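Values in this text are rule-based calculations from the coordinates and carry no lab data. None of these values were measured; they are calculated from a predicted model. In this analysis, Cβ positions are derived from the backbone assuming ideal geometry, glycine residues included, and neighbour counts consider all displayed protein chains.
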Amino acid sequence: MHASDAPWKPWHKLSFRFFFLFLGITSVFCWINTVFFAWMAVAKASVENLYPIFKPLSGLFYWLDQHIYHTGYDPKTQVSFPIDNHFGVIYLLTLFFLSVIAAVAWSILDKKRASYDKLSYWFNLYMRYTLAIVILGYGIDKVIPVQMPHPRTVDMIRPFGNQSREDLLWKFMGVSPGYMLFTGSCEILAALLLFSRRTAVFGYVFVLGVLTNVVALNWFYNISVKLFSSLLWLYALYLLAPWLSNICQFFFSGTPAAVPQQRYAFKKKWKNYLLPGVLVLVPLLSLVFESIGDVKSYRKETASARKEKMYNVMTFLTKDTVAADSIRWRRVLFVYDNYMVIFNMKDKEDWYQYEVDSLKKTFTLHGLNNNAVKMLEYAYPSAGKLQLAGKWKGGKDINVSLKLSPVDSMYLNKEKIKIMQD
């Protein structure tokens with residue numbers, strides 16, 4: 001970092017103006033997410049409630065895509081929210097080009113400015129806390145295992161070849177709570193290091209290492225937050241950049257290196273008391289609300305998982321002598337409180353939301369993969385047995401006998417870790 005009042009080189013001033021604009025504007029998305037997930041801790045909401053925030057940009061972005069980017073963005077069929085989608089690419093590209101243009105204009109209008117020491121100090125403080133609070137949230141999501149919960153029954157029996165890379169990564173993390181606790185603890189530690197000015201430089205190095213692994217996993221396992229995680233990685237690299245030469249000198253030249261930091265104070269005392277209070281209160285509130293929300297989600301997830309049931313098909317009768325494998329069932333699962341998943345003989349899944357009429361003894365199924373609505377009569381002839389009858393695909397009359405199969409034995413987290421294998 002430049003010493004106070006020392007003139008900056010032209011390239012340094014231009015690059016700072018660009019990063020001040022680009023990182024500053026994109027960081028607003030971090031705070032939108034942070035505030036929203038804190039609000040979710042006390043209110044019933046889902047991620048879809050965030051979508052209307054960026055909806056007003058859809059018309060402009062559609063025009064830009066039609067005339068400049070040509071990514072194929074269509075606001076009528078695609079989500080207008082900056083994730084790994086057409087909207088997200090246009091969002092970041094537009095902010096990038098606007099930041100370049102604005103940085104050049106700023107350089108022309110403010111070309112006599114010798115340095116931005118004070119502005120850089122406060123901006124870096126803002127970016128440091130922004131990054132820390134986001135990383136803290138992700139760490140809590142892992143320590144309280146809600147981000148990657150233990151695989152559900154439907155995940156455990158789905159054929160390996162039918163799963164996406166993202167599915168595999170989520171299961172890989174979810175089946176080992178200990179490893180997820182370790183990764184979450186690393187993220188929390190990285191965030192805590194960033195909150196202190198004295199440990200900030202080490203925190204930049206630590207969080208950059210953590211995020212490098214996260215970004216690699218997101219890209220190579222095709223996780224839908226590649227752009228956002230890469231942006232966080234860029235934040236960490238930007239914050240570490242002023243110290244890179246000092247760090248390289250220490251590790252590779254074998255010579256002592258210092259990491260001096262500037263510090264500014266307000267002239268009015270009340271501001272100097274207010275700032276530390278804000279810098280403590282904001283992370284504390286984030287920690288509290290994030291933890292409350294995660295505990296609620298964990299309890300809900302655990303309670304829902306305990307209610308899951310899996311039935312294997314004993315007999316599948318139709319009027320036809322031979323029913324196609326795409327018609328015949330292999331098993332039926334009741335998952336996520338009100339979802340029924342039917343696996344056919346080819347292990348293809350049909351998902352339905354169901355409603356139970358205990359008086360008429362019927363299940364009303366609403367298709368998720370299609371708009372079909374089906375009615376099945378049910379009966380429990382004996383303990384652990386289920387009988388279903390009704391019309392199925394193609395209007396075929398079916399009568400299915402099923403037997404309850406225990407799912408507890410499928411949970412891989414019951415496997416004990418041993419030093420010496422049997």
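The table for this structure:
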| read-out | value |
| --- | --- |
| Alpha-carbon centroids, the range 124-189 and the range 1-75: separation in whole Å | 24 Å |
| Percent RCO, i.e. relative contact order, over the chain, from Cα pairs under 8 Å lying at least 6 residues apart | 14 percent |
| Per-residue Cβ neighbour rank within 10 angstrom, fewest leading, I292, I417, I398 | I417, I292, I398 |
| For D397, D141, order by how many other beta-carbon atoms lie within 10 Å, fewest first | D397, D141 |
| Dipole of the chain [Lys/Arg +1, Asp/Glu -1 at C-beta], most positive-end residue of P283, V143, Y336 | P283 |
| Point-charge dipole on Cβ atoms (K/R +1, D/E -1) for the range 10-303, about Cα centre, debye to 20 | 1160 debye |
| Positive-pole candidate from V100, G161, Y121, dipole of the chain, charges at beta carbon | Y121 |
| Cα gyration tensor shape of the range 308-410, rounded if a/c is under 1.5, else prolate or oblate by comparing a/b with b/c | rounded |
| Dipole of the chain [Lys/Arg +1, Asp/Glu -1 at C-beta], most positive-end residue of G395, W31, I68 | W31 |
| Rel. contact order, % - alpha carbon contacts under 8 angstrom, at least six apart, the range 60-211 | 19 percent |
| √(5λ) per eigenvalue of the Cα gyration tensor, the chain, largest first, Å | 52, 26, 19 |
